[in-house]
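Any read-out appearing in this document is the output of simple, stated calculations on the displayed coordinates, not a laboratory observation. Source: prediction; values computed, not measured. All Cβ positions, glycine included, derive from the backbone under ideal geometry; neighbour counts span all protein chains shown.
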Amino acid sequence: MKKYDDVVGIDVSKLTIDAHMYKRSIHQVFSNTSKGYKALVKWLNKNLEGQCYFLCFENTGHYSTNLSIYLSQNDMDYVEESPLAIKRSAGIVRGKTDRLDSEMIARYAWLHKEELVLSTPKEKDIQEIGRLLSLRDQLVRDRTGKMSTLKEAQSLLKSPSTDSCCKIATKTIAYLTKQIAALEDRIKILMQSEEGLDKNFKLLNTIKGVGLILASQLIYHTNNFQRFDGWRQFSSYCGVAPFSHSSGTSIKRRNKIHHIGDRKMKTLLTMASVSAIQCDSELKLYYQRRLAEGKPKLVALNNVRNKILSRAFSVIKRGTPYVELQQFAA
């Protein structure tokens, strides 16, 4: 990053944003609306006129999206950082308020300004895909709950009330299924609306085990494969990359994946791996070979998860569909 004179830490909540200038130790609260953003810029221009600065705030999903878009539209430097990275760098903290959080964020940004990379908001279509995927996940969870309710009701003794409950639950499940299908159709339309998205989406679907949802999630989390340098970096982000654990000569444990990661992506990759083992002869042989080497089943399955990620990044980098080489073997 270029040389900055000051940094502004911002704590973003649902209704307000707390801003703190690190060097000047000035604090101010604004509303988390377009009107509040304008007031924030006016306050910054008044106190930091002629100085070079950047803003830093936590990635809080929907709460921080509008702020990042506004700053980008006004050509202002900002960094949208992981909340966990900021929290773990704070050391021992007693007490918690929005003001203290904004000071902590400002301190973190100033101390790590040489390492931080300026952020940019995701493209509009990718943001829309993220919202659709989020809503679909909610509907799928609701449908799963209703299916459990229906199964429990069907196990009860026959009665007019039980029959009514089953009918209502069945209609609700059918309605949710219809809405989930509509969201998936909307995702497909968005993918086809932009050439880059459509090309990468089709390439990902040539990989066995990768379907509509996993391909869409890969495109969303990688910002259409522009956010990460390679599949190993993304594997670490998902929480499926193994790390060594050793110290001196007395502690030397086997490699393990870290518990920090994107749980949704980890779950999707697990489901894709189980499917790929059944329908992809190459991955099936690879999985069986790992088991024959004495690897535990979960370790072998995690190897398959990384294989799928490797294939995904490879087809995008080459720009050609995945080809199963074993079918051409003599």
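Sites listed here are GluC sites (Glu not before Pro) in region 122-195 whose DSSP assignment is loop and whose Cβ has at most 15 other Cβ atoms within 10 Å: Glu123. Sorting His20, His259, His245 from the fewest to the most surrounding beta carbons within 10 angstrom yields His259, His245, His20.
Kirkwood hydrodynamic radius (Cα pairs, Å) of region 211-330? Walk me through the numbers on the way to the answer.
Working: mean 1/r = 0.0644 Å⁻¹.
After inverting the mean inverse Cα-Cα distance, the result is 15.5 Å.
State which entries of Lys23/Lys46; Lys266/Lys295; Lys113/Lys317; Lys146/Lys178 exceed 22 angstrom in Cα-Cα distance in the structure shown.
Working: Lys23/Lys46 15 Å; Lys266/Lys295 20 Å; Lys113/Lys317 31 Å; Lys146/Lys178 14 Å.
Result: Lys113/Lys317 exceed 22 Å.
With a cut-off of at most 10 other beta carbons within 10 Å, and DSSP calling the residue loop, which GluC sites (Glu not before Pro) in region 1-80 qualify? Please list them. Passing both the DSSP loop test and the Cβ count: Glu49.
Run through the DSSP bridge list for the chain and note the antiparallel percent, rounded to the nearest 5. Intermediate results must be reported in sequence, preceding the final value.
Numbers: 16 of 25 bridges.
Just about 65 percent of them are antiparallel.
Only Cα sites of region 1-57 enter the Debye sum here, all with the same form factor; the resulting log10 I(q)/I(0) across q = 0.13, 0.20 1/Å is -0.30, -0.70, listed in q order. For the chain, the 222 nm mean residue ellipticity estimated from helices alone, with every DSSP H stretch of n ≥ 4 adding -39500 (n - 2.57) and the total spread over all residues, rounds to -19000 deg cm²/dmol. Cβ crowding within 10 Å ranks Asp5, Asp125 as Asp5, Asp125, fewest other Cβ atoms first. Structural size metrics of region 6-111, computed from C-alpha coordinates, are Rg and Dmax of 12.6, 37 Å. Considering every alpha-carbon pair of the chain, the percent of pairs per 10 Å bin, from zero through the bin containing the longest distance, is 5, 19, 24, 23, 19, 8, 2, 0.
Taking 4 °C and 1.567 mPa s as conditions, region 198-258 diffuses translationally at an estimated 95 µm²/s according to Stokes-Einstein applied to its Kirkwood radius (Cα pairs).
Between the DSSP loop rule and a limit of at most 11 other Cβ atoms within 10 Å, which trypsin sites (Lys or Arg not before Pro) in region 147-205 are left? Kindly include the intermediate steps, with their values, before the conclusion.
Details: sites: Lys151, Lys158, Lys167, Lys171, Lys178, Arg186, Lys188, Lys199, Lys202; in loops: Lys158.
When the trypsin sites (Lys or Arg not before Pro) of region 147-205 are filtered for loop state and at most 11 Cβ neighbours within 10 Å, Lys158 remain.
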